[in-house]
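The values are calculated or read from the model by the stated rules, or taken from the named source; none is laboratory data. Note that the coordinates shown come from a computational prediction; the quantities given were computed from them, not determined experimentally. In this analysis, Cβ positions are derived from the backbone assuming ideal geometry, glycine residues included, and neighbour counts consider all displayed protein chains. Please note that ligands, DNA and RNA were not included when accessible areas were found on the heavy atoms of the full protein model with its side chains. Shrake-Rupley method; radii C 1.70, N 1.55, O 1.52, S 1.80 Å.
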Amino acid sequence: MRIGRLETFLLLGGPVLFLGVFFLVPFAMMALASMQSDDGTLTSSHYVKLATDGYYWSVLLLTFEIGAGVSLLTFLLGYPLAYYLTFHVSSPALRRIIYIILVTPLFTSTIVRAFGWIVMLGRAGLVNQWLRGLGLISQPLDLIYTQTSIVVSLAYTMLPLMVLAVGSVLQNMNRSLLEAARDLGANSLTTFLKITFPLSLPGVVAGSLIVFTLSVSAYVTPSIMSGGRHLVMSMLIYQQYMVLFDFNFGAALSILLLVMTLLLITAYVLVLERSGRTTAAP
Amino acid sequence: MSDLISIDKLVKRYGSVVALGGVSLNIRRGEFLSILGPSGCGKTTLLRAIAGFVEPTSGEIRIDGQLMNDVPPNRRPVNTVFQNYALFPHMTVAENVAFGPRRAGMARGEITRRIAEVLLAVGMDGYGDRYPRALSGGQQQRIALARALINQPQVLLLDEPLGALDLKLRKRMQLELKRLHQDFALTFVYVTHDQEEALAMSDRIAVMKQGEIVQFDNGQEIYRNPASRYVADFIGEANLIDCVLDGGSGVRLAHGSLVLPYSCSGSDAATLMVRPEDIHLGDAPGDAAIVVVPATVRNKTFIGQGWRLVIALDTGHVISAQPPASAAIEQLIPGDRVTAWWPSERGRLLTR
């Protein structure tokens, strides 16, 4: 069925207009603001400040460290889970139930989730209570308000995304390839290392990209879990806008985060593309 | 020749579905055996049970005298050529072929030598550095073969390997497989639904129906003496004509009075099987050892090697005839009256 020009215009026009008005235009305005000073004159002073003051790079570094940490943790937890769901859970109904259990936390508010972690990891929280009750420690451990606690709580939220990305590649993997490996003398471990894992890398790449980009732009979870002791880029940008009312510098910081993230992702994908790991095997 | 594989009363059930209902089979060392049947008859299940991918519900599989029931596929002396080739897409041809020997811990130099040897044997030398996605179906198939052969298994299992190839290529590959079977002196177990293929390549054929073997013999025997209507119909073309018993053990065509020179006992109904190529049209020789039935030509088709005619016997049965080509046959047109006859020993009475 061929649709005419007018229908195409109307069908595409809606979303394009929406995207334009609510994303492209504000983005362009922000990009412009990053190059303006308070009175509206064009200046590069904000970018100069960014380039010369090491403080902002340290915040960026922490942000990316946390992003990488979350990707790694979701991979370490999510891959085995996806593998188990695909290869060891035979009933599709059970698979769906487990996945729903994984995803349900996402339906709760981010703030509530973060406070849940405080209840778990706080000085008077569950983990410390158990450890003291078992006599393993005498003083409560500092589990919360650390970089690790930010990574863990973000990973908890991002886990279903990694499981889904890896799981879909594993589900669609040609089973006879695994049988062929066994037929040729490979035991279960070798089959996994030589066949299953290499062929599942596109899913790992996709999952880690999603998790990384969501983690470096996360705001609520790092804010609460940092307890004021750590600062990530999103929090810094928030400060510029809402506390200091320096919209221009805030815009520059935003552009910096965007550009650096894009560069990182591009480098990651290029390296992997070279070794042929980005597209799923036929 | 001794038995290399012996399968004893193998049963496989999936819930209430019986995929294999007590299959017993002995495969001789060095033979080319085909397992033949339509989709769903259990032939692939049987093959996978030998390979170790299907755990039997009951029954035994022995290879070279050793019980294989608890032996995983990676420790059985068999290799499989899969229907969809299952070449590892992230490895080159050479890496694919080297996979088996690497698992067995063979030395690098030895592996390289063997890869070259086996690729030459399948006609794919020089393709070592290519990736499977750059190969055609026929080429991938040959690499799959090479990958299995390089391990010098006691048994090579082939699961409908030629299904995806076009007719000409398939015929060529059939000859190649036969040659490889002889050159490497291996035992081949070949699953197919193509009866022509099975007849062309095998020493013996096991015909399967709904999880059971209904006839197991060499191709000629099965063709000449099918054990049942099912086998007669599945292998080659067959005319199956209803007969009724004529007092005692005599037999005649249903709806007619012609008494046939066949006998049978112990059942109420019988079917006469005659192959179209055994039916002659025209004046019958004066031999006593022939069966003669008057008929009318219904239609005629040219099939290159000769003519195929559909004729209606006076008893009402409609059968196919593919007589030797002659000028008289060419001149027949639908509606013509004709005498159909066949040597009586070419007909078979089937009671199942």
Worksheet entry | the range A:184-208, residues that are touching a Phe, Trp or Tyr at 6+ places or on another chain (Cβ under 7 Å) and open to solvent by 10 Å² or more (accessible area, probe 1.4 Å) | A:LEU184, A:VAL204, A:SER208
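Residue-wise test of (1) surrounded by fewer than 20 Cβ atoms within 10 Å (Cβ to Cβ); (2) within 22 Å of A:GLY185 (Cβ to Cβ); (3) at the interface with chain A (Cβ under 9 Å from one of its Cβ atoms).
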| site | (1), (2), (3) |
| --- | --- |
| B:LEU25 | no, no, no |
| B:ARG28 | yes, no, no |
| B:PRO38 | yes, no, no |
| B:PHE53 | yes, yes, yes |
| B:ILE63 | no, yes, no |
Worksheet item: Across the range B:74-86, what is the total count of residues that are within 8 Å of another protein chain (Cβ to nearest Cβ), assigned to a loop (DSSP other than H, G, I, E, B) and open to solvent by less than 40 Å² (accessible area, probe 1.4 Å)?
Response: 2
Item to complete: Quick one: B:VAL71 ticks every box in (1) more than 14 Å from every other protein chain (Cβ to nearest Cβ); (2) in a loop (DSSP other than H, G, I, E, B); (3) of a type in the set (A, V, I, L, M, F, W, C) except a single one, so which number is it?
Response: (1)
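Give the residues of the range B:102-114 that are more than 9 Å from chain A (Cβ to nearest Cβ) and either surrounded by 22 or more Cβ atoms within 10 Å (Cβ to Cβ) or closer than 18 Å to A:ASN187 by Cα (or both), sorted by residue number.
Going through the range B:102-114, the residues more than 9 Å from chain A (Cβ to nearest Cβ) turn out to be B:105-114.
Result: B:GLY105, B:MET106.
Restricting the search to the range B:269-290, which residues are surrounded by 14 or more Cβ atoms within 10 Å (Cβ to Cβ) and out of contact with any strand residue (DSSP E or B) (no Cβ under 6 Å at 6 or more places or on another chain)? Can you show your working first?
Initially, the range B:269-290 is screened for residues surrounded by 14 or more Cβ atoms within 10 Å (Cβ to Cβ), giving B:270-282, B:284, B:290.
Within the range B:269-290, B:ARG275, B:GLU277, B:GLY282 qualify.
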Discussion item. Residues that are within 30 Å of A:VAL269 (Cα to Cα), away from chain B (no Cβ under 14 Å) and either open to solvent by less than 10 Å² (accessible area, probe 1.4 Å) or not hydrophobic (A, V, I, L, M, F, W, C) (or both): does the range A:171-183 have at least one?
Written reply: yes
Response to the item:
Counting only residues in the range A:158-170 that are crowded, with 21+ Cβ neighbours inside 10 Å and not aliphatic (A, V, I, L, M), the one farthest from the chain's Cα centre (by Cα) is identified as A:GLY167
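Which is without any contact (Cβ under 8 Å) to a residue 40 or more places away in the chain, more than 20 Å from the chain's Cα centre (by Cα), surrounded by 14 or more Cβ atoms within 10 Å (Cβ to Cβ) and part of a helix (DSSP H, G or I), of A:VAL89, A:VAL119, A:VAL127?
Working: A:VAL89 fails: part of a helix (DSSP H, G or I); A:VAL119 fails: surrounded by 14 or more Cβ atoms within 10 Å (Cβ to Cβ).
Being without any contact (Cβ under 8 Å) to a residue 40 or more places away in the chain, more than 20 Å from the chain's Cα centre (by Cα), surrounded by 14 or more Cβ atoms within 10 Å (Cβ to Cβ) and part of a helix (DSSP H, G or I) holds for just one of A:VAL89, A:VAL119, A:VAL127, which is A:VAL127.
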Worksheet item: From the list A:TYR79, A:TYR145, A:TYR99, A:TYR83, which residue is on the phi > 0 side of the Ramachandran plot and open to solvent by less than 70 Å² (accessible area, probe 1.4 Å)?
Response: A:TYR145
